[in-house]
1. Could you pull out every residue, at least 5 positions away or on a different chain, whose amide H is within less than 5 Å of the one on MET340? Hs are placed 1.01 Å off N in the peptide plane, and Pro or chain starts have none.
2. Rounded to the nearest 10 Å², what accessible area does MET170 show when all protein chains are kept and the probe is 1.4 Å?
3. Would you work out the charge dipole size for the range 235-306 about its Cα centre, treating the Cβ of every Lys and Arg as +1 and the Cβ of every Asp and Glu as -1, and quote it to the nearest 20 debye?
4. Just name one of THR439, ALA351, GLN301: the one whose Cα is farthest towards the positive end of the charge dipole of the chain (beta-carbon charges, Lys/Arg +1, Asp/Glu -1).
5. Identify, among LEU261, ALA317, PRO33, the residue whose Cα sits farthest towards the positive end of the charge dipole of the chain, taking +1 on the Cβ of Lys and Arg and -1 on the Cβ of Asp and Glu, with the dipole about the Cα centre.
6. Where nothing but the Cβ of Lys and Arg (+1) and of Asp and Glu (-1) is charged, how large is the charge dipole of the chain around its Cα centre, in debye to the nearest 20?
7. What is the chain's relative contact order, in percent, from Cα pairs under 8 angstrom and six or more apart in sequence?
8. Pick out the long, greasy-scoring helices in the chain: whole DSSP H runs spanning 27 Å or more along their own axis by Cα, mean Kyte-Doolittle at least 1.0.
Amino acid sequence: MSFARSLLRVKPAEQLTDDGAHTQLRRTLGLVPLVALSVGATLGTGIFVVLAEAAPAAGPAVIVSFVLAGLAALCSALSYAELAGSVPVSGSAYSYAYATLGELVAWICGWCLLLEYGVSVAAVAVGWGGYLNEFLRGTVGVTIPDALAAPPGEGGVVNIPAALVVLLAMSVLLMNVKESGRVTTVTTVLKLAVLVFFVAVAITAFNSENMTPFAPAGIAGISAGASAVFFSFIGFDAASTAGEEARNPKRDLPRAIMLSLAIVTLVYVLVAFAAVGAVGTEVLGGSDASLATALQVVTGQGWPSVVLALGAVIAIASVVLTVLYGQTRILVSMSRDGLMPPVLAKVNRRAVPARNTLLVGIAVAVLAAVVPLNQLAEATSIGTLVAFGLVNIGVLILRRTKPDLDRSFRTPLMPFTPVLGLLLCAYLILGLDWVTWVTFGIWTVVGLGVYFGYGRRKSRLNGT
């Protein structure tokens, strides 16, 4: 096989599905745990943490920013749903790209997903420390010193809480997927209850003056806000990483993806509306625990903010758990294809990829301890947007190359929906800071070095 052809070789969808059918992982997850997995991976960081980052730039129109980001996510979610129902394996967008765009593009997609999942876990963990301090302040009257609760560049030396929550999530994942699923379902219900509580309290203090001027920076501010808060939609695709552990993947994966996105978008818009209307964007932008601060301002009492801070601690910890799970399963797929060392695909007697989980957990814990949140959030967004764009392209190609493939869900309004999803992803990418582009460029170059130095030579498709 020539060098050029080896870069374009595809892994047939039927072969991917067959690999998934003979997995060593256990099929124990039904629809509810799958929805909880996706909601759990999504709902938390964006509204508890990133809202404070985006609100000053967009103003009250940050509500529109959430809607715009949600629209971009919806188009991609529809493409994800079709591919998840057609190719129900653990690799998510990586596997879909392998079946449609060829090995090199699949590698780049998988490499982007590793950036998305790994860095987003670190970013979530960084935000966890702010709410932990808020909870400690309201209950025992002490806080973790900044030197031990913030990364370098933000007044600290090392972020111990961020590293700790990653290591705790890693410990849960080392049990088994059924137990992890139960933990995810319980924590997801708790975080939804806390956010409903926030909306109910904050809406009582709604002040229309806080909504003006609605878009002080105009369309540019809304776009910048949408690019930033898109980070908060990352995770709706988490169910697609459980393709080999779902009991009925063809039926349940598309449903879980769409249901989770609908739930998350509704919650984000309601919470953003209530928060901005109650205290304004300046208050939200001036706190690491913005929603807890908003409740403190609204009620003049400490206990509501303590309740919210506890909910945020639980919510953000569950995001760490579910996103870390997704990254380990993507590594399983890449390793099984030969593009990563095969040891990362091996599972223990509990059907858990233990070495993979330990490696990912320790690496992400170190990252969370030393890198600031804003740099992590934007680096995550660009990796995600590239992966989502490739999924939209992939669904178009697979419709053409495999028109008779068994599809349990079909993306509506073809080809308009995936094309719009692709354009919206490109639009949001253009709104990211140039430093993010540089970081992504370096990450991509490193990834290409790994592929040409190892993955291309070790690929299971060699000789086929």
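1. SER335
2. 20 Å²
3. Charge dipole, the range 235-306, about its Cα centre: 320 debye, nearest 20.
4. So the residue we want is ALA351.
5. PRO33
6. In debye, rounded to 20, the chain gives about 1820.
7. Worked out over the chain, it gives 33 percent.
8. 62-86, 177-202, 249-285, 303-336, 373-401
The values are calculated or read from the model by the stated rules, or taken from the named source; none is laboratory data. A quick note: this is a predicted structure, and the numbers were derived from the prediction, not measured. Virtual Cβ from ideal backbone geometry, glycine too; neighbours counted across all protein chains shown. Surface areas here come from the heavy atoms of the whole protein model, side chains and all, with no ligands, DNA or RNA. Shrake-Rupley method; radii C 1.70, N 1.55, O 1.52, S 1.80 Å.
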